[in-house]
1. Order of 166-178, 96-108, 128-140, 198-210 by packing, highest average Cβ count within 10 Å first?
2. Any idea how far apart Asp190 and Lys39 come out in nm if each label point goes 7 Å out from Cα toward Cβ?
3. Run the simple label-point estimate for Val85 and Thr123 please: 7 Å along Cα→C-beta, distance reported in nm.
Amino acid sequence: MKMSYRDRMIALIVVVVALILAGIFVIVKPVTTKISTNKSTLQTVQAEEDRINGIIEQVPVLGETIESEYNESKTYAEGFAESRVTYEVDQFIQEYFNNNQVEILSLSTAESSSEVIDFYSYTPNVVTYPLLEAADINGDIAADTAEKLKTSTVFSTLEAQEVEMYSSTISFNGKKDDILALLDSIRDIDENVIITDVSIDDFTFGSEATENNEKDYSTGSMSINFYVLEPLSEPVLG
């Protein structure tokens, strides 16, 4: 059957509309779905960005905290001896004996080992009695007592810690004044070096000696401990 011009135009329009609808389902709808998925992904990424920005904002504060802790740790380590091998410990000790004219007869330093040290604190003697408590109307005396006890209370809660220790045993020969000067010089070392034992063989220092080279002299021995605490490595914050 031959279609009229009008029928052909209507058919053409129908075909065009069908193609447009097909294009919507084939092309536009998947794109719409993809846009929706991208929006969801964008929200997730933005949430992660906000979390990371929050962490970045905390970095300066964390850096200040780390720097403060590092500086505090240095003050603890400053009071301890340097880490040395045994022959360096021997050389360190020998210098003090030489400077004070005390002869070393023998010197032995053991390999380092761990040693437990307790925190030391002084507990003040606080006396209280009913009349004193009655007189403390404003609580000033009680506050002063609490302040005095605060340090010892804090230290009493701290646990003992382990540090590295070198122990040296020295036999020596010297004059009384020189030995006393030696002990003073070791005591004044700006490190955690402690004389744990000293013995003098002749407390008369050769008063009854028959040989001139023995008069005013006495042999003896001492033990010295070196306590080592390695400082923290400086943190790299930048």
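1. Numbers: 166-178: 18.5, 96-108: 14.6, 128-140: 9.4, 198-210: 12.5.
Going from most to least packed, we get 166-178, 96-108, 198-210, 128-140.
2. 7.0 nm
3. 4.6 nm
Each reported figure results from applying straightforward, stated rules to the coordinates on display, with no laboratory input. Everything numeric in this text was worked out from a predicted model, so none of it was measured. Neighbour counts are summed over all protein chains in view; Cβ atoms, including those assigned to glycine, are modelled from backbone coordinates with ideal geometry.
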